[in-house]
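The values are calculated or read from the model by the stated rules, or taken from the named source; none is laboratory data. What you are looking at is a predicted structure, and each value in this text was computed from that prediction instead of being measured. Every residue, glycine as well, gets a Cβ built from its backbone with ideal geometry; the counts of neighbours run over all protein chains shown. Areas reflect the complete protein model, heavy atoms only, side chains present, ligands, DNA and RNA absent. Shrake-Rupley method; radii C 1.70, N 1.55, O 1.52, S 1.80 Å.
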Amino acid sequence: MAVAIRGARGGGSGGVGAGFRSFFSYRIFVSAMFSLLFIATATVLLTTRPSTTHQHSRFRSGGNAYMHRTFVALNSDPLKTRLDLIYRQANDHITLVKAYAAYARKLKLDISRQLKMFDDLAKNFSDITSKPRYKSSLFEIDGNLDEDVLRQFEKEVKDRVKFARLLIAESKENYDNQLKIQKLKDTIFAVRELLGKAKKNGAFASSIAAKSIPKSLHCLAMRLVEERISHPEKYKEDLPKSEFEDPDLYHYAIFSDNVIAVSVVVRSVVKNAEEPWKHVFHVVTDRMNLAAMKVWFKMRPVEGGAHVEVRALEDYKFMNSAYVPVLRQIESAKQRFYLEHKMENATKDGSNMKFRYLEHMSMLNHLRFYLPEMYPKLHKILFLDDDVVVQKDLTGLWKIDLSGKVNGAVETCFGSFHRFSQYVNFSHPLIRERFNPKACAWAYGMNIFDLDAWRREKCTETYHNWQNLNVDLALWKSGTLPPGLITFYSLTKSLDKSWHVLGLGYNPSISMDVINNAAVIHYNGNMKPWLDIAMNQYKNLWTKYVDNDMEFLQTCNFGV
């Protein structure tokens, strides 16, 4: 019973507590229900208030308006939700079109047509609700919307949206700076690529044109050789003249395989000389062109009593590979070149260094470093390239005091251009330790050499030493100017620039006053005056010294 009594007492107290808890839970539940009912009633009252102002208004933006239209749509015709979406889409594109129009005005570009289109489009978007049909059927109606009218309204809005997007896409390049910059960079890169290719192709084509023998020049050489073969009695070897070794006369050295070019140099000197009989020309060519050169000067003797000696390179017995480093390099390079079967590919590639190096290593070009040995009895000699024209008497060059220097030449540097650093490799320690990279370069093509000073300074020996060091082309790449700059470093006397004007073979902007005032003009570059690619404004300065009475020139249609 005790257990039953305790259980009954406990059960009684538990029932009283549960009753209190149930009473308070019921009151809370009733309060919550009344609160929810109040909120629902208020919401219905608020959402069911008529608001035609929104539907009658023009397109506008804003969070309150959007929320209000959303509540309306949820408690009305479903077509109103669709109308609201169309409204939002049109409103967004109005904002975008106006933004592009404002930016167009700011850029001040020549976009008047686009600017007008932007303004018209924004106006069309805004005025679309003013149409009576849409106004009465969509925006001033309390009941359900007319679906056909809404469909038509939607079509017009979408047409305008489509047009707006097309216009913006077309105009985006003009207004998007990053896109425009990237496009310009791409264009510049592409143009540079094309320019680089064009320059390479142009340089290669120009090199081919310059190095090739024109048909007329080849014809002239053949005609002269044919003349020699047909009339051997006329062209017997003459005995050497004493004038060829007379140091009191004015001596010239011209090394070339071009008959017409040599004749122009000689004629231009003689025609402008005050005492032509005192001038002696030492012409050296290769064995192939020796006969043609001799026949020319036999058929067309130099005017004024000037003297011309024509010899072949092979006549100078000291010019052998045992003595001359360049000859050893030429022979070695040619052997490697032909053994490797690369000549065909080299001729196709204008940038092939071996091929270009062999061209510049022609011994007629390097013969200029052996003048004292070629003419042991002379004290001074004037070296002339075959692409020069003489316009004044040159005897004044022999009277210039070279102050113990070996070479008299016109300097070509101006500013930072044509300095030693452009011709030799100053990253090599041998060059860096011996020479000044800012030293001024000078021009080959008209050089007065003091042969006595040359012998005293042992310049040919210096030239040999440097050529032996440059067997791998580490000191300079090619040509005769770099070794000339090195050989005659600190041994060159600067001459007045009027003695020698360069650039007529590549520079079209040389002043005619400068040219007319020059004693010697030089067609250095690829556009030689005897080629079709010569610059017309300078060509007549060369052609006026061509011997047009020479019958073979007319036979060969020499285009001068």
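Based on alpha-carbon centroids, what's the gap between region 264-297 and region 429-472 in Å, whole number please?
Answer, in whole Å: 28.
With a 1.4 Å probe and all protein chains kept in place, how much accessible area does Trp398 have, in Å² rounded to the nearest 10?
Looks like 40 Å² after rounding.
Between Arg192 and His379, take the C-beta separation as r, use R0 = 51 Å, and let me know the FRET efficiency to the nearest 0.05. List each step's numbers first, then the result.
Details: r = 54 Å, r/R0 = 1.07.
Efficiency at R0 = 51 Å is approximately 0.40.
Calculate, for region 402-519, the solvent-accessible area per residue in square angstrom, rolling a 1.4 angstrom probe over the heavy atoms of the protein chains. Intermediate values should be presented prior to the final figure.
Working: 5320 Å² over 118 residues.
Accessible surface, normalised per residue, equals 45 Å².
Which entries of Lys294/Lys497; Lys377/Lys544; Lys215/Lys294 have Cα-Cα distances beyond 28 Å here?
Check vs 28 Å cut-off fails for Lys294/Lys497; Lys377/Lys544.
Probe 1.4 Å, all protein chains in place: accessible area of Val514 in Å², nearest 10?
Near enough 70 Å² of accessible area.
For the pair Leu469/Asp286, report the inter-label distance in nm, with labels modelled 7 Å from Cα in the Cβ direction.
Using points 7 Å along Cα→Cβ, the separation is 3.0 nm.
Considering only protein heavy atoms and a 1.4 Å probe, what is the carbon-and-sulfur percentage of the accessible area of region 246-319? Walk me through the numbers before you get to the answer.
Numbers: 1280 of 2700 Å².
Roughly 47 percent of what the probe reaches on region 246-319 is carbon or sulfur.
Over region 419-560, with every protein chain in place, what whole percent of the accessible area is carbon and sulfur at 1.4 Å, could you tell me?
Reported share for carbon and sulfur atoms: 47 percent.
Please compute the length gained on full extension between Ser509 and Gln182, using 0.36 nm multiplied by the number of residues separating them and subtracting their Cα-Cα distance.
Numbers: separation 327, 0.36 × 327 = 117.72 nm, distance 3.67 nm.
Difference between extended and current length: 114.1 nm.
Considering only the other residues whose Cβ falls under 12 Å of the Cβ of Glu457, what net charge follows from Lys and Arg at +1 and Asp and Glu at -1? Write down the numbers at each step before the final one.
Values: positive: Lys405, Arg455, Arg456, Lys458; negative: Asp450, Asp452, Glu461.
Summing Lys/Arg as +1 and Asp/Glu as -1 gives +1.
Put +1 on the Cβ of every Lys and Arg and -1 on every Asp and Glu Cβ in region 412-555; which of Ala441, Ile521, Asn548 then has its Cα farthest towards the positive end of the dipole?
Towards the positive end, the residue furthest out is Ala441.
On a full-extension model of 0.36 nm per residue, what is the gain between Lys497 and Lys241, subtracting their alpha-carbon distance, rounded to one decimal in nm? Kindly include the intermediate steps, with their values, before the conclusion.
Numbers: separation 256, 0.36 × 256 = 92.16 nm, distance 3.48 nm.
Between Lys497 and Lys241, full extension yields 88.7 nm more.
In debye to the nearest 20, how big a dipole does region 381-496 give about its Cα centre with +1 on each Lys and Arg Cβ and -1 on each Asp and Glu Cβ? Before the final figure, lay out the partial values.
On the way: 12 positive and 13 negative charges, 79 e Å.
For this selection, approximately 380 debye.
Considering only Cα-Cα distances, which of the following residue pairs are longer than 19 Å: Lys458/Lys493; Lys241/Lys399; Lys271/Lys380; Lys405/Lys477? Walk me through the numbers before you get to the answer.
Values: Lys458/Lys493 17 Å; Lys241/Lys399 25 Å; Lys271/Lys380 22 Å; Lys405/Lys477 27 Å.
The answer is Lys241/Lys399; Lys271/Lys380; Lys405/Lys477.
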